[in-house]
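A.B. asks: To start, I am sharing the structure in question, which I have written as structure tokens.
The values are calculated or read from the model by the stated rules, or taken from the named source; none is laboratory data. A quick note: this is a predicted structure, and the numbers were derived from the prediction, not measured. Because the Cβ atoms are built from the backbone with ideal geometry, glycine has one as well, and the counts that use them run over all protein chains shown. We work out accessible area using only protein heavy atoms, side chains counted, and drop any ligands, DNA or RNA first. Shrake-Rupley method; radii C 1.70, N 1.55, O 1.52, S 1.80 Å.
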Amino acid sequence: MHPNPVFHTADSQANIDFARERGFGVLAVSDDNGTPLLSHVPFLLAKDGTSADLHLVRSNPITRITKVPRSARIAISGPDGYVSPDWYGLEDQVPTWNYVAVHLTGTLEMRPQDELRDLLDRESAFFERRLLPKTPWRADKMDGETLDRMMRMIVPFRMQVDAVDGTWKLNQNKPDSARLGAAQQMEAFGIGAETTLLAALMRGADGQG
């Protein structure tokens, strides 16, 4: 997380809502030697942000070391983009990178295998709702034996979330005219991911994060 407190003024619920809506992040766990293990995972975050449900392939190194609960973090990335100092209309500026990111920190634990089907059904329903009016896909469309075979390859997990922190770095440390000018250039020429969305967030960043 960026150390400047001006980028951390979003309230806890805003960070939770952002992470829950994205539903995808990088899970980080350290093994017994302190080596960081990373896995890109979809997840379901509770509405109050207190827990995140996910699954991992049984052969994943994180699965193999999490027979007992482990400290863990999920990093969720949002839109990001390079900001040229020329975009501010101010003297003596430097390049930077604007972005939104939320970290969920807590304890990861393996869950009983009989919870897996419910987790998978909830995950698919959560994301399929966004594709309406398409008829939602359901696991019961699959052949039962095929589904059972595939489910044996994955393991359910839950992370109890103890802390939520977010960085919303959107030029809110600049004068409004510089921030809005940079947003206009970001929308037109931005280099990064989801730069149109990033520009919209920059326009709305009035110092409140």
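A.B. asks: Return the pair list, or none, for Cβ contacts closer than 6 Å from residues in the stretch 49-78 that are farther than 13 Å from Arg22 by Cβ to residues that are open to solvent by 70 Å² or more (accessible area, probe 1.4 Å), at least 6 apart or on different chains.
C.D. replies: Here the result reads Ser51/Gln160; Arg58/Met153, each pair linking the stretch 49-78 to a residue that is open to solvent by 70 Å² or more (accessible area, probe 1.4 Å).
A.B. asks: Same structure, new question: Taking the options Arg130, Arg122, name whichever one is farther than 30 Å from Thr195 by Cβ and either among the charged types (D, E, K, R) or not in a loop (DSSP other than H, G, I, E, B) (or both).
C.D. replies: Sole residue among the options that is farther than 30 Å from Thr195 by Cβ and either among the charged types (D, E, K, R) or not in a loop (DSSP other than H, G, I, E, B) (or both): Arg122.
A.B. asks: Determine which single condition Leu37 fails, assuming it passes every other condition in (1) at pLDDT 95 or above; (2) more than 16 Å from Arg73 (Cβ to Cβ).
C.D. replies: Exception for Leu37: condition (2).
A.B. asks: Among Thr135, Thr195, which is the only one that is polar (S, T, N, Q), more than 25 Å from the chain's Cα centre (by Cα) and more than 18 Å from Asp53 (Cβ to Cβ)?
C.D. replies: Just a single option satisfies the conditions, and that option is Thr135.
A.B. asks: Let me ask something additional. Take the residues of the stretch 131-176 that are in contact (Cβ under 8 Å) with a residue 60 or more places away in the chain and of a type in the set (Val, Ile, Thr): which is surrounded by the fewest Cβ atoms within 10 Å (Cβ to Cβ)?
C.D. replies: Among them, the one singled out is Ile154.
A.B. asks: Sort out which residues of the stretch 108-130 are under 19 Å from Ala19 (Cα atoms) and open to solvent by 60 Å² or more (accessible area, probe 1.4 Å), and write them in order of number.
C.D. replies: Arg122, Phe127, Arg129, Arg130
A.B. asks: Any residue in the stretch 180-200 that is assigned to a helix (DSSP H, G or I) sitting within a Cβ distance under 7 Å of a residue that is among the basic types (Lys, Arg)? List the pairs, counting only those 6 or more apart or interchain.
C.D. replies: Pairs that qualify, where the first residue is assigned to a helix (DSSP H, G or I) and the partner is among the basic types (Lys, Arg), are Leu180/Arg203; Ala183/Arg203.
A.B. asks: List, please: which pairs have Cβ atoms under 7 Å, are six or more places apart or on different chains, and start with a residue in the stretch 36-48 that is within 17 Å of Ile16 (Cβ to Cβ) and open to solvent by less than 20 Å² (accessible area, probe 1.4 Å) and end with one that is among the charged types (D, E, K, R) and in a strand (DSSP E or B)?
C.D. replies: Close Cβ pairs satisfying both conditions: Phe43/Asp53.
A.B. asks: Hey, does the stretch 83-92 have a residue that's without any contact (Cβ under 8 Å) to a residue 12 or more places away in the chain and open to solvent by less than 40 Å² (accessible area, probe 1.4 Å)?
C.D. replies: yes
A.B. asks: Counting just the residues of the stretch 177-207 that are modelled with pLDDT under 95 and under 30 Å from Val41 (Cα atoms), which one comes out least open to solvent (accessible area, probe 1.4 Å)?
C.D. replies: Here the answer is Ala205.
A.B. asks: Restricting to the stretch 20-35, and then to whatever is over 13 Å from the mean Cα position of the chain (by Cα) and among the β-branched types (Val, Ile, Thr), can you tell me which residue is most open to solvent (accessible area, probe 1.4 Å)?
C.D. replies: Thr35
A.B. asks: Take the stretch 1-19 and flag every residue that is out of contact with any His (no Cβ under 9 Å at 6 or more places or on another chain) and open to solvent by 70 Å² or more (accessible area, probe 1.4 Å).
C.D. replies: Within the stretch 1-19, Pro3, Pro5, Asp11, Gln13, Asp17 qualify.
A.B. asks: Here's another thing I want to ask about it. Would you say Asn98 is free of Cβ contacts under 8 Å to residues at least 12 places away in the same chain and either open to solvent by 40 Å² or more (accessible area, probe 1.4 Å) or part of a strand (DSSP E or B) (or both)?
C.D. replies: no
A.B. asks: Do any residues in the stretch 4-32 that are within 28 Å of Glu128 (Cα to Cα) have Cβ atoms under 6 Å from those of residues that are open to solvent by 60 Å² or more (accessible area, probe 1.4 Å), where the two are at least six apart or on different chains, and which pairs are they?
C.D. replies: From the stretch 4-32, the pairs are Val26/Leu38; Val26/His40; Ala28/Pro36; Ala28/Leu38; Ala28/Arg73.
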